[in-house]
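Worksheet: the structure to be examined is printed underneath.
No value in this document is a laboratory result; all are computed from the given coordinates. Note that the coordinates shown come from a computational prediction; the quantities given were computed from them, not determined experimentally. Neighbour counts are summed over all protein chains in view; Cβ atoms, including those assigned to glycine, are modelled from backbone coordinates with ideal geometry.
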Amino acid sequence: MGMISKLDAINHMLLMAGESTVDNLDDLGGVDTGVCQGVLDRTLTDFQFRGLANNKFMKKYNLDTRGQVVLGSNVLSAELISDHINTESYRIIGVARSTDDSDSSTQYLFNVTDQTDLWAASKDYHVEMVVKVGWKDMDTVVQRAIMSQSARQYQMIVQGDVQSDRYLQELEVLFTTRGKNSDIDDKRRTIFGSGTAKLREIHNRSGSNDPSRFRYWRTS
């Protein structure tokens, strides 16, 4: 849980644009403060798209009967990472689909290869998901990065001052770098483990010490 409140973040954005702060979020009062909160919420979602330590995970599904693989709500993206082949010998690609266009819509796994949302029973489907989490669930250093990005965007919307944008750009780069570095540390990742699931499989595969593979080699 982060130490920066949403009210503090919005007041920082207002100050960076040369505007007065507000006392609470219950009565923002005014178009500018409403826009300010909208920018913060959008930046919060954008920052989570690629996945953070606290919103990206893998989950296994196994159906008792043929049907939908329900992923839940607030799913930003999902990908089927286990290997499955259809009747025509094509690899099945699975992604997230929504039941409707609302923000709280239930997501399910969609078979792009066969164009269906129905999956066979008694099979293990491993899915990598990125879900949307709230402001308070962000780490403090990530909150600061989001706040810097939001402040720069808001300033350009309401003021459009070039000199202020340069200053806010430097802050954005600084705190965004710190936020990403902190998230990488939380994930305990190295350059060998930060790629896709397929690349990690290749790196982690076991070697072979079968002598018969080297019986024709010469050392002299």
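General remarks:
- Reported to the nearest whole Å, the Cα centre-to-centre distance from the range 27-86 to the range 119-149 is 6.
- FRET efficiency, 1/(1 + (r/R0)^6) with R0 35 Å, evaluated for W135 and D114 via beta carbons: 0.35
- Among the listed pairs K123/K180; K6/K59; K56/K136, those beyond 28 Å (Cα-Cα): K123/K180; K6/K59
- Between I93 and T177, full extension at 0.36 nm per residue minus the direct alpha carbon distance yields a gain of 26.9 nm.
- With N as its number of residues, the range 56-131 has a Cα radius of gyration that, divided by 2.2 N^0.38 Å, comes to 1.04.
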